[in-house]
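Read through the structure below, which is laid out as structure tokens, and then see the notes.
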Amino acid sequence: MYYTFIDDRVNQKKMAQLIFNHLNITALSAAVPSNTINNLQYTMHFPADEVREIVEKTGIYQRRFAPPDMTASDLCFAAANKLIEDNDIDKTEIDLLLFVSQTPDYRMPATSVCLQDRLGLGKHTIAFDINMGCSGFIYGLVVAFALMQQGYLRKALLLDGETRSKVYSPKDRKTAFLFGDAGVAALIERKEDFGSSFFSLNSDGSKENLIKIDAGGYRMPSSVDTVKEKVVDEYGNIRSDENGYMNGSEVFNFVISEVPSDIDTILKLANVQKSDIDYFIFHQANDFMNNYLMKKLKLQKEKVPSCIRYFGNTSSVSIPLTIVTQLKNQLDGKKILLSGFGVGMTWASCILDINQLKISDLVEI
Amino acid sequence: METNFTIMEKNFIQHFAEAIETDATHLTMETKFRELPEWDSLAYLSVIAMIDEQFDVVIDGNDFKKLNTLQELFDAIQLRKR
């Protein structure tokens, strides 16, 4: 069924809303480093009782850290190979390869192009990177769906990987316990019997300083000074300009201000109620924030899966990682709502009617 | 006889105490909340959630920095209520 108009009521807030038809995710796989960090024992720089308090509030007990020679693309490479193998995918039919990450292999060339070669895909494959964080998987889906909509492309591989463990300073209490590494691979296909999917995407660059890495780009090029650690606040937190930082309270303010209304928007666009949604899959930032969102939106706990306890905040990977680790064999015929929010700041949500989704077992490398 | 305003302030103190997990009986509107032993960045998150849930208000971080007593916080919330 084609939607040929969008209700004015929905348009009032002037958000970017898209509707696609006949497109779906048909297979999903994930890979994580086998190297596991136990947060309660991550006490090299902070007293154990303080660490315990943070762990209990955030709900993050374990994370996976990629060793020095392992990158996000390696995690996605492992996930992609598992996906290809489990689903007997003909690689020559992959016409599109997207790599979502803010921890790419290089500033250039795009990591997706390197992966095109590593995966043995054809030269006809369109390959490019998407530089987005926590909302990135949904942005990646939108780009894949948009390019696939007309039917000229046969299959798309959406890869999404992050090694945030390499971004944040272990001596900065505000971020030391939160982030973990992972990579996913999603197969996107077009079939006439797939239904409609709905997307809402948003950005607010006035909040660019809420989650950021100052140095290493061209605003503040890397230098001998940018790599030096320094005390950054009155609490004695230490990081360099090459490390990421986050204003946790302002991020929380942003999430509670924007996410509930974005979810309202997407439900209206899809013309469904909350009760029609089988699963709400939120970006896994921390337990406190997600529990609050669940409470504010009046959602039943059984409909809100979580994997943050085991993997921490893996940025854009957290939504598909939650699906792979928590919803295997549970999604066929289900209506799911994805909501990602974070660095930029950007936020996005989508509603998908899953047809058949083959989820691979988690890979550990 | 207590005025409605005092009852609102009492409720506010109770909500604040619950949010930061302390006893409401030793708090007054003059309490400098940043000097409480329970106050830290995690308590701040709980207070943000409490203010949103109870009053449907969000206070921008730069504005929040200027507030020091529970009275000032209460007044800031009243100003922003829809």
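The values are calculated or read from the model by the stated rules, or taken from the named source; none is laboratory data. Bear in mind the structure is a predicted one, so any value in this text is a computation, not a measurement. Cβ placement follows ideal geometry from the backbone for every residue including glycine, while neighbour counts extend to all protein chains displayed. Each accessible area value is taken on the protein alone, full model and side chains, heavy atoms only, with ligands, DNA and RNA left out. Shrake-Rupley method; radii C 1.70, N 1.55, O 1.52, S 1.80 Å.
Below are the figures for this structure:
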read-out	value
Size of electric dipole in the protein assembly as shown: Cβ of Lys, Arg +1 and of Asp, Glu -1, about Cα centre, debye, nearest 20	640 debye
Rel. contact order, % - alpha carbon contacts under 8 angstrom, at least six apart, segment A:1-156	22 percent
Heavy-atom accessible area, 1.4 Å probe, ligands and nucleic acids excluded: residues of segment B:45-82 down by at least 20 Å² from chain alone	B:LEU45, B:SER46, B:ILE48, B:ALA49, B:ASP52, B:GLU53, B:VAL58, B:GLY61
Residue-normalised accessible area of segment A:218-285, expressed per residue, 1.4 Å probe, Å²	49 Å²
Cα gyration tensor, segment A:146-216 - rounded (a/c under 1.5), prolate or oblate	prolate
For segment A:169-281, fraction of C-alpha pairs farther apart than 22 Å, in %	58 percent
Spatially proximal aspartates and glutamates relative to A:LYS228 (Cα-Cα < 16 Å; intrachain offsets below 8 disregarded)	A:ASP172, A:ASP214, A:ASP241, A:GLU242
Within a Gaussian network of chain A (alpha carbon springs, distance under 10 Å), most fluctuating of A:LYS155, A:LYS191, A:LYS171	A:LYS191
Dimensionless Rg over Rh [the protein assembly as shown; C-alpha; Kirkwood]	0.99
Calculated [θ] (222 nm, deg cm²/dmol) that DSSP helices of n ≥ 4 give over the protein assembly as shown, each run adding -39,500 (n - 2.57)	-10000 deg cm²/dmol
In nm, spacing of pseudo-spin labels at A:SER34 and A:GLU302 (7 Å Cα→C-beta vector)	3.7 nm
Per residue accessible area in Å² of segment A:290-351, where ligands, DNA and RNA are left out and the probe is 1.4 Å	33 Å²
Vicinal HN-Hα couplings computed from phi for segment A:28-43 (Karplus, 6.51 cos²θ - 1.76 cosθ + 1.60; Hz; Gly/Pro x)	8, 9, 9, 9, 10, x, 6, 5, 10, 9, 8, 4, 5, 9, 8, 10
Segment A:SER222-A:ASP90, length gained on full extension (0.36 nm per residue, minus Cα span)	43.3 nm
Protein accessible area in the protein assembly as shown, 1.4 Å probe - carbon and sulfur %	50 percent
Heavy atoms of A:MET44 accessible to a 1.4 Å probe, total area in Å² rounded to 10	120 Å²
Choice from A:PHE137, A:PHE128, A:PHE282 showing the highest fluctuation, given a GNM over chain A with Cα pairs closer than 10 Å	A:PHE128
Pairwise burial A:B, computed as accessible area of each alone minus the pair, summed, 1.4 Å, Å²	1300 Å²
Residues losing 40 Å² or more accessible surface upon assembly, segment A:266-306, compared with the chain by itself, 1.4 Å	A:PHE288, A:TYR292
Principal semi-axes in Å for segment A:77-178 [√(5λ), Cα gyration tensor, largest first]	28, 15, 13
Volume in Å³ per residue [convex hull over Cα atoms, computed for segment A:26-140]	139 Å³
In segment B:1-64, trypsin sites (Lys or Arg not before Pro) in a DSSP loop with at most 14 other beta-carbon atoms within 10 Å	none
Relative frequency of Cα-Cα separations exceeding 20 Å in segment A:261-365, percent	37 percent
Counting all C-alpha pairs of segment A:34-91, share separated by more than 13 Å (%)	70 percent
Heavy-atom surface of segment A:83-161, accessible at 1.4 Å and reported per residue (Å²)	43 Å²
Other protein chain Cβ atoms within 10 Å, averaged over every residue that makes up A:249-259	4
Residues along segment B:13-44 losing 20 Å² or more of accessible surface when the other protein chains are present rather than the chain by itself (probe 1.4 Å)	B:ASP40, B:SER41, B:LEU42, B:TYR44
Rg/Rh ratio calculated on Cα atoms of segment B:11-82 (Kirkwood radius)	0.91
Once exposed loop GluC sites (Glu not before Pro) are cut out (DSSP; at most 14 other Cβ, 10 Å), longest piece of chain A	A:1-191
Whether segment A:306-365 is rounded, prolate or oblate, judged on the alpha carbon gyration tensor where a/c under 1.5 counts as rounded	oblate
Which listed pairs, of A:LYS268/B:LYS65; A:LYS57/A:LYS171; A:LYS296/A:LYS334, have C-alpha distances above 26 Å, in listed order	A:LYS268/B:LYS65
